[in-house]
Structures are given as structure tokens and as C-alpha cells.
Amino acid sequence: MPDGDIDLSDGAINLNDGLARLGKDAFLARLHGEAPLFRQSNGNWVASRFDDVRAILLDHARFSSAGMEGQLRMPLLNDDPPRHALLRGLLAKAFTPAAMEGMRPAITQLAHGLVADIPTGVEVDIVGALTTPLPVTVIAGMMGVTADRHGDFKRWSNVIVQLTYEQLDAGHTASLLELQGYFAGLAAERRLAPGEDLVSALTKAREHSDALNDEQVVGFCMLLMLAGNETTTNLLGNLLNRLADAPEAWAALRADPARIDGAIEESLRIDSPAQLLLRKATQDATVCGRTIRAGENVVVYLAASNRDPARWQGAEAFEAGREIGRHLAFGHGVHSCIGAPLARIEARAAMEALVARFSTVRRGAAPGERVPGELFFGFRDLSLIFD
């Protein structure tokens, strides 16, 4: 086999191998052309076509979230209906369109304040300056967490991300015990003196006839912490990374900020912050003309489905003006991301502030460092220059 080539026959390769050897664009193109459903060397199936991925996400009866094994289990993510609907309802009031719109002015003010502190004409790590502090401040505020713990929030979130590609060790265990202890203490405080924050709402919530116990409240807090900052951080970093190579797109956004929403959706499509989801077949199912047996795992490859050439012409290209709303970056069906409207509001606020202040964005000398692993797609740091 030529150097750099890959074998996509069943059992020959895993996602990480293909991505490392071919690069993302070429590997996804090979999947769509040759193996829209293939079996990895670890035995897991990988579904990459838009229609197949959407169908699997809609069919929670045959493709379960509850049966997946992992180092961490979280409510909602690892629950199927009807329990999933009950648990999602506990958060629903905080994430209604009206509630999100009510937060927009404060988020806009926060974004403009962070952008005002970005120096002009010199390299800045935009992850540290904007794409991390914006969503961390917002979700921590929703949970009633004080500003002095925002740094811990991000540190703990990073540990959870690390557990998607590293084995649990003593350092991870210590950090997990620390964050669990903090959230358990916060829950105890809110039970005694509830406020208007999400943690207070969780301590008052009931599953069936019983109040959520501390372990369940801590699980929800971990989910909110992780989803509340990782998605927006990765979305904004990915979008700014694309715009640094597209000065005409930046100019178009400055000339007409109404185009920002389209740029955000295109970034979500082409650089999905969450690259994949995992499901377990509960019964035999036919996908792409092949049989997935009950008990087998399926990688629902969002990153590939959002670049399906049968769905988008020139799917590998970033085009800020594409049609909005057809991608699967936030999932689909009952497990669609409850915080998607918040992520969009945060991203729009940040981009409005940036294009209002800066005429151009370009790359710094330091290369950006990607988040490791195959689950999340974003930047640990990204050096940019704003003029």
C-alpha cells in the first residue's frame, strides 16, 4: 500500500489512524466515497452519511445512549426516554427562547468588555482572551458560581475533556474529587438558602416523587459546566481560525453584521465542536445496507455527516453565506443540545464586538494547538493579530 494510503475494509483502521495519516479533509472524503459505514479495528461501527446519522439519532429505541460504557456518565447524555424527557424538563425553563433572549444584553456587554481588552496589532491568544472567559462567565453565572472559581471551572472542564482520550490516573482522580466536592457543597448551600440559579433549581427539582440526591445534582452540574463552556469555546475558536484565512469574509461581516449568523452556522457545520456521539444497538438494525447487530457500538460521526457531498456542494469548503440550519452539529431528535441557543447568542455577541472594533484579523507566528482526541474539535490556544 502506498505511503499515507489507508485501507477502509472492516477491521483495518480506526478514526484516529485515518485522520493522522490522511488529514481530516481527505479522510472524510474517503469515507463518503468508499465506506459510509465501516467497522473499526476496535469493532465499533462508524456512520458518516447525513441521512444515516440523522436516522440513528432519531431512533433512540434501537440506538441507545444509556448502554454506552465510559469513564464518566452524565445525566441526559447517558439517558434514553422516558427518563431523558423527565431529566431534560428539569433544565428546560432555564433554556427557553425567552430566557435566552433575556440574557442577551448581559452577554453582549460582557463580550464587548472582553473585546475592548484585546490589544491591537500584536499577537494574542484568543482562547485565553475571549473564547474561554465568555462562556465560562456566562454558565458560571447561571449556576450561581462566584467569579473567584471561574478558573477552577475551566480547569475541571479540561480534566473531563482529557478523560475522553486519556486513562484515568491519580491526577485526574484528585481533580474529579475536588470538583465533585465543590458542587456537593454548593448543592448543600442551595438547599438551605436557594436562589434563582440553576443549582438551586436542581436542588428543588424532583424525579418522580423523590428530590434529586446530591450525586444526581453533582452530575447535572458537571454536565452544565462542560457543555456550557466547551461548545462555545470551540465554536468561536474554529470560526476565527477560518476567518483568519478569509479576509473577504471578515470584510463582509463588518459591512453587514447580519451575516454573522450564517458564518456561525457554517463554522458549526464544517468544524463541528463535538465531532461524534456514541450509541449502542439494542436490536439488529440495517444501516447503509449493512446489518449492525444488537449490542454493537456505533460511532455517529457528526463531523463527517456535516460534510456529506450528497447534502452540500463543495462540502469541504468554508462558505460563510450557506443556508442556515441543516447541519447536525448540535445533534438531532430528543438529544439535541438544550444549550444550542445560548451558544449561538454567545458566539454572535463575540463576533459583533470583534467586527465592530477590528478591520482585519490575521494569524500570529505561533501555531494554534488543537484540543487532542477525536471527540472535541477546537483550540487549546490560537494566536491571532487584530488590526
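Taking the residues in the range 149-174 that are open to solvent by 20 Å² or more (accessible area, probe 1.4 Å) and in contact with a Phe, Trp or Tyr (Cβ under 8 Å, 6 or more places away or on another chain) as candidates, determine which candidate is nearest to Lys93 (Cα to Cα). Applying the filter and picking the extreme gives Arg149.
For the range 15-60, the set of residues classified as open to solvent by 40 Å² or more (accessible area, probe 1.4 Å), within 18 Å of Glu296 (Cα to Cα) and either part of a loop (DSSP other than H, G, I, E, B) or polar (S, T, N, Q) (or both) consists of Ser41, Asn42, His60, listed by residue number.
Here the condition is being within 15 Å of Phe220 (Cα to Cα), among the polar types (S, T, N, Q), modelled with pLDDT of 90 or more and in a helix (DSSP H, G or I); of Gln109, Gln180, it holds for Gln180 alone. Tallying residues that are of a type in the set (A, V, I, L, M, F, W, C) and open to solvent by less than 10 Å² (accessible area, probe 1.4 Å) within the range 225-245 yields 6.
Which count do you get for residues in the range 343-366 that are in a helix (DSSP H, G or I) and of a type outside the set (D, E, K, R)? Summing the residues that are in a helix (DSSP H, G or I) and of a type outside the set (D, E, K, R) in the range 343-366 gives 10. For the range 339-384, filtered to residues that are of a type in the set (Val, Ile, Thr) and open to solvent by less than 20 Å² (accessible area, probe 1.4 Å), the residue that is nearest to Asn158 (Cα to Cα) is Ile345. For the residues Ala320, Ala366, the requirement of being out of contact with any helix residue (DSSP H, G or I) (no Cβ under 6 Å at 6 or more places or on another chain), more than 18 Å from Ala227 (Cα to Cα) and in contact (Cβ under 8 Å) with a residue 60 or more places away in the chain singles out Ala366.
The residue list Arg326, Arg357, Arg344 contains one member that is out of contact with any Cys (no Cβ under 7 Å at 6 or more places or on another chain), over 19 Å from Val127 (Cα atoms) and not acidic (Asp, Glu), which is Arg326. Glu352 meets the conditions (1) touching a Leu at 6+ places or on another chain (Cβ under 8 Å); (2) modelled with pLDDT of 95 or more in every case but one. The failed one is (1). Candidates are the residues of the range 179-195 that are surrounded by fewer than 17 Cβ atoms within 10 Å (Cβ to Cβ) and touching a residue at least 24 places away in the same chain (Cβ under 8 Å); the one that is farthest from Val159 (Cα to Cα) is Gly195. Looking across Ser65, Ser41, one residue alone is polar (S, T, N, Q) and closer than 26 Å to Arg326 by Cβ. It is Ser65.
Of the numbered criteria (1) in contact with a strand residue (DSSP E or B) (Cβ under 7 Å, 6 or more places away or on another chain); (2) within 22 Å of Val298 (Cβ to Cβ), the one Leu86 fails is (2). Tell me, which residue of the range 97-129 that is closer than 30 Å to Asp79 by Cα and touching a helix residue (DSSP H, G or I) at 6+ places or on another chain (Cβ under 9 Å) is least open to solvent (accessible area, probe 1.4 Å)? Filtering first and then ranking leaves Met100.
Just one of the numbered conditions (1) within 15 Å of Ile385 (Cα to Cα); (2) outside any loop (DSSP other than H, G, I, E, B); (3) in contact (Cβ under 8 Å) with a residue 40 or more places away in the chain is not true of Ile118: (2). Arg326 meets all of the listed conditions (1) within 21 Å of the chain's Cα centre (by Cα); (2) open to solvent by 60 Å² or more (accessible area, probe 1.4 Å); (3) under 18 Å from Lys24 (Cα atoms) but one, namely (3).
Taking the criterion of being within 19 Å of the chain's Cα centre (by Cα) and touching a residue at least 24 places away in the same chain (Cβ under 8 Å), the residues of the range 121-139 that qualify are Ile126, Val127, Gly128, Leu130, Thr131, Thr132, Leu134, Pro135, Val136, Thr137, Val138, Ile139.
With respect to the conditions (1) in a helix (DSSP H, G or I); (2) open to solvent by less than 50 Å² (accessible area, probe 1.4 Å), Asp79 lacks only one, and its number is (1). Can you work out which of the residues in the range 130-144 that are touching a helix residue (DSSP H, G or I) at 6+ places or on another chain (Cβ under 7 Å) and open to solvent by 10 Å² or more (accessible area, probe 1.4 Å) is farthest from Gly195 (Cα to Cα)? My answer is Thr132.
The values are calculated or read from the model by the stated rules, or taken from the named source; none is laboratory data. Remember, predicted model here, so these are calculated numbers, not experimental data. With ideal geometry, Cβ positions are generated from the backbone for all residues, glycine too; neighbour counts draw on all protein chains shown. Surface areas here come from the heavy atoms of the whole protein model, side chains and all, with no ligands, DNA or RNA. Shrake-Rupley method; radii C 1.70, N 1.55, O 1.52, S 1.80 Å.
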